[in-house]
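Asks: Please find one structure pasted underneath; my questions will follow.
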Amino acid sequence: MIMEIAQILGLLPHRYPFLLLDRILEQSAGEIVGLKNVTINEPFFQGHFPEEPIMPGVLIIESMAQAGGILALSLAPPELYKKPIYFLGMDNVRFRKPVRPGDQLILKLKILKRRGPLFKMKGEAFVNDQLVAEAELMATIETGVV
């Protein structure tokens, strides 16, 4: 299933300049592929780094987390579909290559474990089919139950 930006905006609370996902390219049971177009117009490039612009690693992980949030919401029961999803943690984070203006960041996530509203996912980010970052991410959907 392809998801355009209007649909993404309907699911995620993020807005400019913190929405770091442009499109969902594919989605199947337990897996998703997202796209982030990296442009020189991104506000973080003004300071990271002006002479050698590189996308901050933490924002690459945030891009993964946003795609993972859409994946988790798509697997949730209908009553939780519009609820907030919260990033809980990350493990085994590795950055392999820099991401620069002009790159297309392809974000691939798959569910490793799920227990109710809790999800653990494996995320990988690619540029030109080369792995640039990877992480295990944990998230939960707000259920309203304390």
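The values are calculated or read from the model by the stated rules, or taken from the named source; none is laboratory data. Note that the structure is a prediction, hence the values are computed from the model and not measured. In this analysis, Cβ positions are derived from the backbone assuming ideal geometry, glycine residues included, and neighbour counts consider all displayed protein chains. Note: areas computed on protein heavy atoms with side chains; ligands, DNA, RNA excluded. Shrake-Rupley method; radii C 1.70, N 1.55, O 1.52, S 1.80 Å.
Asks: Please verify whether LYS120 is over 17 Å from the mean Cα position of the chain (by Cα) and either crowded, with 16+ Cβ neighbours inside 10 Å or not in a strand (DSSP E or B) (or both), treating the condition exactly as stated.
Replies: no
Asks: Can I ask one more? Of ILE60, ILE70, ILE111, ILE54, which residue is of a type in the set (Val, Ile, Thr) and free of Cβ contacts under 8 Å to residues at least 60 places away in the same chain?
Replies: Values: ILE60 fails: free of Cβ contacts under 8 Å to residues at least 60 places away in the same chain; ILE70 fails: free of Cβ contacts under 8 Å to residues at least 60 places away in the same chain; ILE111 fails: free of Cβ contacts under 8 Å to residues at least 60 places away in the same chain.
From the options ILE60, ILE70, ILE111, ILE54, the qualifying one is ILE54.
Asks: Sort out which residues of segment 78-97 are over 17 Å from the mean Cα position of the chain (by Cα) and open to solvent by less than 70 Å² (accessible area, probe 1.4 Å), and write them in order of number.
Replies: LEU80
Asks: Determine if segment 24-34 includes at least one residue that is surrounded by 12 or more Cβ atoms within 10 Å (Cβ to Cβ), within 12 Å of the chain's Cα centre (by Cα), β-branched (Val, Ile, Thr) and not in a strand (DSSP E or B).
Replies: For segment 24-34, residues surrounded by 12 or more Cβ atoms within 10 Å (Cβ to Cβ), within 12 Å of the chain's Cα centre (by Cα), β-branched (Val, Ile, Thr) and not in a strand (DSSP E or B): absent.
Asks: For segment 46-77, which residues satisfy the criterion of being open to solvent by 10 Å² or more (accessible area, probe 1.4 Å) and either among the charged types (D, E, K, R) or assigned to a helix (DSSP H, G or I) (or both)?
Replies: Initial filter on segment 46-77 (open to solvent by 10 Å² or more (accessible area, probe 1.4 Å)): 46-54, 56-59, 62, 65, 74-77.
Within segment 46-77, GLN46, GLU51, GLU52, GLY57, VAL58, LEU59, GLU62, ALA65, SER74, LEU75 qualify.
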